[in-house]
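One structure is given here, and the rest of the page talks about it.
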Amino acid sequence: MNTKFKAALKMSTLTPDGKATKAEHVVTLMALATNYFPTANLPLPLANVTTAINNLHTAILTAAKGTVGSVSHMHETERVLVQLLSVLRAYVEMVANNSIDAKTIIEAAGMDAVKNGGGGTPVSELTITSLGNGAVQISVPRNTGEKAFIYQYSTDGGTTWLELDYSYLATITLRNQTPATVLHFRFAPISKTKGAYSQAKSGIVL
C-alpha cells in the first residue's frame, strides 16, 4: 500500500505579502509540471489565481497608504486567494495519492508533503470519489461489529461540520454540490457504542 500524504501550503502564519509570494511559487511550479497537472484537468485556471495574486498586491499597496476601508479590502482579497489555493491544494493531494510517488508530485506543486495519520489521531480510511455533476461518493471500511456509520462533511476546511447521513451503508453519495468546491469528510462507526471520528479527508467536487 502506498503511503498517503497530505499537501500543505503552510500559509497560516504568513503576511498577506507572504501569501501572495507563496501563491506565485505554486502557480509557477504547477504551470511547469504539466506532466502531473495537465491544464485541461485543473479544477480552475491558473490565470484565475494569478489575477487574485495581482489583486492582493494592489490591495496591499492601497492599505499601506491608509485609505479608508483599504485594510478590510486587503483581507478580503487575501481570503479569496487562500480559497483558490485551497482548491488547488485539494486537487494536488488527490492526484498525488492516486500515483506511485505522492511526495514528489506534491513537492512539484510547490507544496509540502506531510504524512497522513500517525500519533494519537485516528487514521481515516475514507475513499472520496468525485462522480461529476456535483456528486461525491464516500466509502468507508466496515470492520467486525460495526453496524452503521455517522457521516459528516465540512465546507470550511473542518472548522464546522454538517451532518450528512446516519446510514447502515458503507458507501453513500452527496449530491447537488457546486463544482470546484473543496469539501472535507469524516465518519464515526457505530457498534455497541459510537466510535471516534476518523481523520478528515478532502475531495474536490467535479
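The values are calculated or read from the model by the stated rules, or taken from the named source; none is laboratory data. Bear in mind that the values here come from a model prediction, so they are computed numbers and not experimental data. With ideal geometry, Cβ positions are generated from the backbone for all residues, glycine too; neighbour counts draw on all protein chains shown. These area figures cover heavy atoms from the full protein model, side chains too; ligands, DNA and RNA do not enter into them. Shrake-Rupley method; radii C 1.70, N 1.55, O 1.52, S 1.80 Å.
Starting from the Cα gyration tensor of the chain, take the square roots of the eigenvalues, sort them a ≥ b ≥ c, and report rounded, prolate or oblate (rounded when a/c is under 1.5, otherwise prolate if a/b is larger than b/c, else oblate).
Working: a/c = 2.15, a/b = 1.73, b/c = 1.24.
Note, shape of the chain comes out prolate.
Quick one: work out Rg over Rh on the C-alpha atoms of the range 78-171, Rh as Kirkwood radius.
Details: Rg = 15.5 Å, Rh = 15.7 Å.
The Rg/Rh ratio comes out at 0.99.
Is there a pair in Lys6/Lys201; Lys10/Lys201; Lys6/Lys103; Lys19/Lys103; Lys4/Lys103 whose C-alpha atoms are over 19 Å apart, and which pairs would that be? Don't skip to the answer; put the middle values down first.
On the way: Lys6/Lys201 9 Å; Lys10/Lys201 17 Å; Lys6/Lys103 9 Å; Lys19/Lys103 22 Å; Lys4/Lys103 9 Å.
From Lys6/Lys201; Lys10/Lys201; Lys6/Lys103; Lys19/Lys103; Lys4/Lys103, over 19 Å: Lys19/Lys103.
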Residues other than Ala64 with Cβ under 15 Å of its Cβ, Lys/Arg counted +1 and Asp/Glu -1, net out at -1
Excluding residues fewer than 8 positions from Lys115 in its own chain, the aspartates and glutamates with Cα under 18 Å of it are Glu93, Asp101, Glu107, Glu125
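What value, in deg cm²/dmol to 500, does the helix sum -39500 (n - 2.57) over DSSP H runs of n ≥ 4 give at 222 nm once divided by the residues of the chain? Can you show the working numbers first?
Details: 4 runs with 70 residues, N = 206.
Helix-only estimate at 222 nm: -11500 deg cm²/dmol.
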Surrounding charge for Val136, neighbours by C-beta under 12 angstrom, Lys/Arg +1, Asp/Glu -1, total +2
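Using +1 on the beta carbon of Lys and Arg, -1 on that of Asp and Glu, and nothing else charged, what's the dipole of the range 29-133 about the Cα centre, debye to 20? Provide the component values of the computation, followed by the final result.
On the way: 5 positive and 7 negative charges, 41 e Å.
For the range 29-133, the charge dipole is close to 200 debye.
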Note to self: with every protein chain in place and a 1.4 Å probe, the chain gives an accessible area per residue in Å² of 53
Treating only Lys and Arg (+1) and Asp and Glu (-1) as charged, each at its beta carbon, one finds that the chain has a dipole about its Cα centre, in Debye to the nearest 20, of 420
Note to self: C-alpha centroids of the range 61-77 and the range 139-206 sit apart, in Å, by 39
Scoring only Lys, Arg, Asp and Glu (+1, +1, -1, -1) among other residues with Cβ under 14 Å from the Cβ of Gly145 yields +3
